[in-house]
Amino acid sequence: MKNQTPTPDDAPSFAELFTPKLITVLREGYGLAQLRADAVAGLTVAIVALPLSMAIAIASGATPAQGLYTAIVGGFLVSMLGGSRFQIGGPAGAFIVLVASTVALHGMDGLILATFLSGLMLMIVGFLRLGTFIKFIPFPVTVGFTAGIAVIIFASQIKEVFGLALEGEPGGLLEKLPALWEVRSSLKPAALAVSLATIGIILGLRRWRPHWPGMLIAVGLAAGATVLLSLPIQTIGTKFGGIPSSLPAPSLPDLSMGKIMAVLPAAISFTLLGAIESLLSAVVADGMTGRRHRSNSELVAQGVANIGSSVFGGFCVTGTIARTATNVRAGAHGPVAGMLHAVFILLFMLVAAPLAGYIPLAALAGVLAIVAWNMIEKPAIAILLRSGWGEATVLGATFFLTIFRDLTEAIVVGFALGSVLFIHRMSLTTAVATDTPFVGRDEADAAHPRGSYDETMAANPDVVIYRISGALFFGATASIGSVLDRIQDSHKALIVDFSMVPFLDSTGANMIEGLAHKAHKRGVALWLTGASRDIQRVFVTHRLKKPLVHYAPTIADAVTSYRSGADGGHAAP
C-alpha cells in the first residue's frame, strides 16, 4: 500500500497559496454567459451596498462619501485580488464601534492612517500564512461580539430614529441612554414616521417580494416623501452637503512616527476584526457554493484593499457576509461580479450624486436598525445557552464586554475563556488506570488482549502498571501526576504505558522526568511502554534515557525484561 503521509514536496507552492481566484476563474474559461451572470449579480449587490455603505459611514462618524469610496476602491480590490470567488468587500457594520471610537480619539486623519496600517498588517499576516489560525476563534466568541456590536449599532441610531436634538452624543452605552432620555422632548414625529416606514417597507418586501431590493426601494421612497411633503428632518444634503460626483485624488496619510504610535492600537483592532470578519464571510460563501477559498490570499487582498481605501480617503474594508451571500444567491460566477459591483456604485456617484442629498438620515437609521437585528444570531445564541455553563459563560462575557468595555478586550477575554474551557474538558478526557498485581485478564478486548495468568506475579506484587489514556498535556498533568507519584517502597518496578496517549507536551514530559528521578532515588525501575516515535523524541529531549528509564514496545515485554534482568532493569528471578 502506498504511503499517504504528506511530505514536504506535497506542500502547496507560493503561487498555489496566493494566486487570486480571478486568475483561476479566467483560466477555467470566461465567456459572455459568465460575464452576463456576473453583471446581474454585481448590479444586485450594488443596489444593496449603496444605501448600506452610506448608512454605515454616517454611523461610524465618517461622511457618506467616504462610505462610497470604501465600497468602490476596497470592494474592487478585494474581488480582484482575493482568495474567494464570491467575496464582496466594503464597509461593514461590525466596524462601526471601532471606527467611531477612532474618529473620536484621533480624528479623521487618524482613522485613515489606522486603516492604512491595518492594511499592511493584514498583508503581513497573510504572507506569514497565519490565516488558518483565525478558525481557532471559538464560536461563542464570534456570536457574542457580533451580538454586542449589533446592540451598540442600534443604540447609536436611536437619536436619528426619533429625530432627537443632541449635540456631543456620548459614546458609551451607559452614558448615551441617559443623555438621550434627557432630550426626549425634542422628538420629531416626522423622523420617527420615516424610520418606521423604512423598516416596515424593508420587512414587508423581504416577506412578499424577497427578490426586490428592499433597502434601496425603502430609502428611495423615504427620500421622495421627504421632498414632496417638505418634512422637517435632516438629510444627507442638509448635514453633509451631499456627496461628490467623483473619487478624490489619491494621497498617502500622515506617516509620522508620533501619529503611527498613537493610532497603532486601533490599527491592531482593525486587523484582528478584519481578519475574522473576512474569513468568516469567505467560509459562509464556501458553505453556500461548495467551493474552497484561499485564506492567506484573502488576507493579503484585504490588506491591499485597506491600503487602497485609505489612499482614496476611505476607511476599513472587510468581507461582508450579507452582501457576499446576496452575490451568491444572485448567481455570480466569480470575482468579476464583485468588481462590477464596485463599478456600478462608481457610476451612481458619477451620474446620480445630487439625488443622494435628499436621502433622510432617519431612513438610513431604519436601514441600520434592520442590519443590527440581522447581526444577532438568535438561533445560535439559543443553542449556546442550552449547551452548558461553559459556552454560556464565554458568550455572555464576550457580549457584555463588547457593550460596556471594548471590542478587542472582549475578543481577547472570550478567546482566553474559551481556551480555558477547552483545556478543562480535554483534561477530563485523560485518565490513568492502575493494575497491581500484574495478572492475566479474564476478559480480553481489542485494547487489552488476553494474557497468560502468572502465579508468581499475582503472589508478589512488585510490579505496578499504569495505563494512561488521552493527551498528556499541561491541563492533565496535575491529576495524572498525583496518581503516578504513589510509589510505595514495596514496588520494585513501575511500568507506565503510553500506547493510548496521542500527544505529550513538555509539561507532561517534565512530570514523567520528575517521576523517573523519584523512582530512581527509591531504587524502582521505571519502564515506559507503547510510546510513539514522536513521544519518544520528547522523552529524549527531556533526558529520559537509560539508566534512568527503560523502554519496551508493550507491557508484557517490559515485564519479561524486568523478570529476566535484561536491558539493565532489576532482575526478579
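The values are calculated or read from the model by the stated rules, or taken from the named source; none is laboratory data. Computed from a predicted structure; not experimentally measured. Using ideal geometry, Cβ is built from the backbone for each residue, glycine included, and neighbour counts are taken over all protein chains shown.
Things worth noting here:
- VAL97 vs. criteria of a type in the set (A, V, I, L, M, F, W, C) and crowded, with 24+ Cβ neighbours inside 10 Å: yes
- For SER230, the conditions (1) surrounded by 15 or more Cβ atoms within 10 Å (Cβ to Cβ); (2) within 29 Å of LEU355 (Cβ to Cβ) all hold with the exception of (1).
Results for (1) in a helix (DSSP H, G or I); (2) surrounded by fewer than 21 Cβ atoms within 10 Å (Cβ to Cβ); (3) at pLDDT below 85, shown as yes or no for each residue.
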site: ARG467; (1), (2), (3): no, no, no
site: ALA478; (1), (2), (3): yes, yes, yes
site: SER482; (1), (2), (3): yes, yes, yes
site: ARG486; (1), (2), (3): no, yes, yes
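- Single unsatisfied condition, PHE240 versus (1) among the hydrophobic types (A, V, I, L, M, F, W, C); (2) modelled with pLDDT under 90; (3) over 25 Å from LYS21 (Cα atoms); (4) surrounded by 22 or more Cβ atoms within 10 Å (Cβ to Cβ): (4)
- Residue in segment 499-507 that is charged (D, E, K, R) and farther than 17 Å from HIS550 by Cβ present: yes
- Among residues of segment 115-140 that are charged (D, E, K, R), those with a Cβ under 9 angstrom from a residue that is assigned to a helix (DSSP H, G or I), sequence gap 6+ or separate chain, pair up as ARG129/LEU17; ARG129/SER295; ARG129/ASN296; LYS135/LEU279; LYS135/VAL283; LYS135/SER295.
- Of the residues making up segment 310-342, those that are part of a loop (DSSP other than H, G, I, E, B), among the small types (Gly, Ala, Ser) and over 28 Å from LEU32 (Cβ atoms) number 2.
- Residues located in segment 28-40, provided they are out of contact with any helix residue (DSSP H, G or I) (no Cβ under 6 Å at 6 or more places or on another chain) and closer than 22 Å to GLY75 by Cα: TYR30, GLN34, LEU35, ARG36, ALA37, VAL40
- Residues of segment 62-92 classified as β-branched (Val, Ile, Thr) and either outside the structural domain of ALA325 (by TED's automatic domain parsing) or farther than 20 Å from ILE276 by Cβ (or both), total: 3
- When ILE112, ILE134, ILE96 are checked against the criterion of being part of a helix (DSSP H, G or I) and either at pLDDT 90 or above or in contact with a Cys (Cβ under 9 Å, 6 or more places away or on another chain) (or both), a single residue qualifies: ILE112.
- Extreme residue, nearest to ALA65 (Cα to Cα), among residues of segment 354-413 that are modelled with pLDDT of 90 or more and among the polar types (S, T, N, Q): THR398
- Test: ALA41 is aliphatic (A, V, I, L, M), farther than 12 Å from HIS341 by Cα, in the same structural domain as LEU364 (by TED's automatic domain parsing) and surrounded by 24 or more Cβ atoms within 10 Å (Cβ to Cβ): no
- Within the span defined as segment 188-207, one or more residues are in contact (Cβ under 8 Å) with a residue 40 or more places away in the chain, assigned by TED's automatic domain parsing to the domain that holds GLY366 and of a type in the set (Lys, Arg).
- A single entry from ILE72, ILE47, ILE96, ILE134 fulfils the requirement of being farther than 23 Å from GLY172 by Cα and under 24 Å from the mean Cα position of the chain (by Cα): ILE134.
- Residue satisfying condition, being part of a loop (DSSP other than H, G, I, E, B), assigned by TED's automatic domain parsing to the domain that holds GLY308 and not hydroxyl-bearing (Ser, Thr, Tyr), within set LEU216, LEU264, LEU272, LEU255: LEU255
- Segments classed as helices (runs of 4 or more DSSP H), wholly inside segment 23-92, with at least 3 members that are out of contact with any His (no Cβ under 8 Å at 6 or more places or on another chain) and among the hydrophobic types (A, V, I, L, M, F, W, C): 32-59, 75-81
- Residue within segment 112-128 that is among the aromatic types (Phe, Trp, Tyr) and closer than 30 Å to LEU35 by Cα present: no
- Checklist (1) modelled with pLDDT under 95; (2) in a helix (DSSP H, G or I); (3) touching a strand residue (DSSP E or B) at 6+ places or on another chain (Cβ under 8 Å); (4) not aliphatic (A, V, I, L, M) applied to HIS106, failing item: (3)
- Some residue of segment 548-566 being within 21 Å of SER482 (Cβ to Cβ), over 44 Å from the mean Cα position of the chain (by Cα) and in the same structural domain as GLY470 (by TED's automatic domain parsing): yes
- Answer residue from segment 165-204, given it is surrounded by fewer than 12 Cβ atoms within 10 Å (Cβ to Cβ) and not in a helix (DSSP H, G or I) and is modelled with the highest pLDDT among those: ALA165
- Test set (1) within 25 Å of TYR30 (Cβ to Cβ); (2) modelled with pLDDT of 95 or more; (3) among the aliphatic types (A, V, I, L, M) - ALA282 fails condition number: (2)
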